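One structure is given here, and the rest of the page talks about it.
The values are calculated or read from the model by the stated rules, or taken from the named source; none is laboratory data. Remember, predicted model here, so these are calculated numbers, not experimental data. Cβ placement follows ideal geometry from the backbone for every residue including glycine, while neighbour counts extend to all protein chains displayed. Remember, those area values only see protein heavy atoms, side chains included, never the ligands or the DNA or RNA. Shrake-Rupley method; radii C 1.70, N 1.55, O 1.52, S 1.80 Å.
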Amino acid sequence: MNILYIAHERNMGGASRCLVDLAEGMKARGHNVYVTVPIRNCHVQKELERRGITVIPVFFVWWEYPSYWKWYLKAPFRVLYAFEGLAVHRIGRIIKMYHIDILHSNSSVIDVGMKASVKYGVRHILHFREFGDLDYQLEYFHGKKKCLEQLNLSGSETIYISHRVEEHYKDYIDAARTRIIYDGIDLRYCCDRREKLTEKVIFLLAGFLHRNKRQNLAIQAAHILKQRGCNDFEIWIAGQPSAMADSVKYTAELKSMAGDMQEQIRFLGFVEDMVALRKNADVEIVPSAEEAFGRVTVEAMMAQMPVIGSDSGANPEIIVPGETGELFENGNAEMLAEKMQKFVEHRQWISAMGAAGQKRAKALFSLDTDLSQVEELYINCMESSERGHN
C-alpha cells in the first residue's frame with residue numbers, strides 16, 4: 001500500500017510525534033510511506049528523514065486560525081489560503097508519481113488533503129487530534145458547520161483520538177465514517193523506577209508552553225504549598241513556546257510567576273530525551289484545560305509515573321483516580337496543591353501507582369495496537385474503493 005501523510009506543523013509537538021511513529025510503523029509493516037511537510041527543513045522533516053522516511057515539502061496554510069488574532073493578521077492568512085489550489089496541484093503530482101492509495105491528514109486544522117482526495121480520487125482520512133477551539137482557541141475560516149459539511153461531502157474517513165473529541169464533533173460529522181483510535185505510544189518509553197537521588201518529590205510538566213496547557217496552575221499550587229510549609233518538592237517544566245506570539249508572552253509570564261521559587265521551579269526548555277528525564281522525576285502533572293488525548297500522560301504512565309490531571313478533556317479516560325494517579329477540578333490550583341501534597345507526604349504511592357499506570361498504558365495505549373487499528377482502516381478504505389469501481 002502506498003500512503004501519503006500530510007503533516008500540519010513544523011515543530012515536534014505531540015501530534016507530530018504521533019505522526020512520525022505512525023509513518024515509521026507503517027513502513028516497518030511493509031507499506032511505502034511518504035510525508036509532506038508545510039515548511040522545508042523543519043524539525044518534523046529532520047526527524048522523519050532520520051528514521052528513513054521520504055519527505056516532500058509542500059507549502060500550505062491551515063483552514064483555521066487563532067480566534068484572538070486581529071484582522072490584520074487574519075487577512076494575509078486568508079490570502080495565502082486562497083492560493084491553496086497550488087498545494088493541491090503539487091500533492092496531485094505526488095499522488096500520480098508514487099501511485100498513492102491513501103491520503104492521511106495528521107490534523108483537523110488542515111483541509112489540503114481533503115481537497116486533493118476529491119480532485120484526484122484517492123481515499124482520505126482526517127485525524128482529529130485536537131478540539132481546535134477548546135484547546136488552541138482556533139476558529140474555522142468559514143465557520144465550523146460549513147467547513148465540516150465539506151468534510152462530510154468529501155467522503156473522508158475520520159479518526160478521533162478520544163471519546164471526548166468524538167463528543168465535541170458528533171453534531172457536525174457523519175458518524176458512519178468515524179472511529180475512535182487512541183494514540184499509540186512506543187514501548188521504548190517504558191522504564192523502571194529509578195533509585196531516589198533526592199528526598200524531594202519531583203513533579204514534571206511536559207509539552208509546549210501554551211495558555212491552555214495551564215502550566216501556571218502548577219506554579220500557583222507551588223506557592224500554595226510553600227505557604228503551608230510544604231517544601232520537599234521541585235517542579236520541572238520541560239517544553240518551549242509554540243510558534244504563536246502569545247505562547248512566547250505566556251512563557252515570560254510563567255517565569256515571572258515563579259518569583260522567589262525559581263530554584264524550586266525549574267524551566268528546562270526543549271528536552272530531547274524525555275525517557276531519561278522521567279527516570280529522574282516522580283509524578284507528572286497534566287493541568288490542561290482540555291486535553292484531546294494526552295500523549296504526555298501515557299508517556300508518563302509508561303515510565304511508571306503517577307499522573308495528576310485535570311478532570312477535563314480525555315484525562316478521565318486515561319487516568320484511574322487512586323490507582324494510576326489523581327484528578328483535580330479543572331482550573332482549581334488549590335485542589336491541585338492538595339493532590340501534590342499527598343504525594344509528598346505518601347511517597348509509597350508513587351511506586352504503587354506508577355506500576356499500575358505502566359500496566360494500564362501497555363494494555364490500552366501501545367503503538368502496536370494503534371498501528372493495527374489504523375492499518376485495518378486503510379484496508380477497509382481500499383476494499384471499499386475497489387467495490388466502488390466494480
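Observations on the model:
- All positions within the range 165-181 that are of a type in the set (D, E, K, R) and either within 20 Å of residue 140 (Cα to Cα) or not in a helix (DSSP H, G or I) (or both): 166, 167, 170, 171, 174, 179
- Residue list for the range 254-285, filter: without any contact (Cβ under 8 Å) to a residue 60 or more places away in the chain, assigned to a helix (DSSP H, G or I) and in contact with a strand residue (DSSP E or B) (Cβ under 7 Å, 6 or more places away or on another chain): 254, 255, 258
- Test: residue 78 is within 19 Å of residue 374 (Cβ to Cβ) and surrounded by fewer than 17 Cβ atoms within 10 Å (Cβ to Cβ): no
- Residues of the range 110-137 classified as closer than 19 Å to residue 15 by Cα and either open to solvent by 70 Å² or more (accessible area, probe 1.4 Å) or touching a Pro at 6+ places or on another chain (Cβ under 6 Å) (or both), total: 2
- Selection within the range 325-358 - open to solvent by 70 Å² or more (accessible area, probe 1.4 Å) and either assigned to a helix (DSSP H, G or I) or of a type in the set (Val, Ile, Thr) (or both): 334, 338, 342, 345, 348, 349
- Annotation for the range 124-147: no member residue is free of Cβ contacts under 8 Å to residues at least 24 places away in the same chain and within 25 Å of residue 379 (Cα to Cα).
- Taken over the range 131-164, the criterion of being charged (D, E, K, R) and in a helix (DSSP H, G or I) is satisfied by 133, 135, 144, 145, 146, 149, 164.
- Residue in the range 40-67 that is farthest from residue 28 (Cα to Cα), counting only those that are open to solvent by 80 Å² or more (accessible area, probe 1.4 Å), out of contact with any strand residue (DSSP E or B) (no Cβ under 7 Å at 6 or more places or on another chain) and part of a loop (DSSP other than H, G, I, E, B): 59
- Long-range neighbours under 9 Å by Cβ, at least six apart or interchain, first residue free of Cβ contacts under 8 Å to residues at least 12 places away in the same chain within the range 323-349, second assigned to a helix (DSSP H, G or I) and among the aromatic types (Phe, Trp, Tyr): none
- Test: residue 248 is among the β-branched types (Val, Ile, Thr), part of a loop (DSSP other than H, G, I, E, B) and either in contact with a strand residue (DSSP E or B) (Cβ under 8 Å, 6 or more places away or on another chain) or over 27 Å from residue 316 (Cβ atoms) (or both): no
- Search result, residues across the range 350-378 that are touching a residue at least 24 places away in the same chain (Cβ under 8 Å), farther than 13 Å from residue 305 by Cβ and over 19 Å from the mean Cα position of the chain (by Cα): 375, 377, 378
- Unique residue being surrounded by 24 or more Cβ atoms within 10 Å (Cβ to Cβ), under 22 Å from residue 159 (Cβ atoms) and small (Gly, Ala, Ser) when the list is 361, 303: 361
- The range 26-39, subset assigned to a loop (DSSP other than H, G, I, E, B) and either in contact (Cβ under 8 Å) with a residue 12 or more places away in the chain or touching a Leu at 6+ places or on another chain (Cβ under 9 Å) (or both), residue surrounded by the fewest Cβ atoms within 10 Å (Cβ to Cβ): 29
- Criterion violated by residue 152 - all others in (1) in contact with a Lys or Arg (Cβ under 9 Å, 6 or more places away or on another chain); (2) touching a residue at least 12 places away in the same chain (Cβ under 8 Å); (3) more than 20 Å from residue 64 (Cα to Cα) satisfied: (3)
- Residue in the range 2-21 that is nearest to residue 269 (Cα to Cα), counting only those that are modelled with pLDDT of 95 or more, touching a His at 6+ places or on another chain (Cβ under 8 Å) and surrounded by fewer than 24 Cβ atoms within 10 Å (Cβ to Cβ): 3
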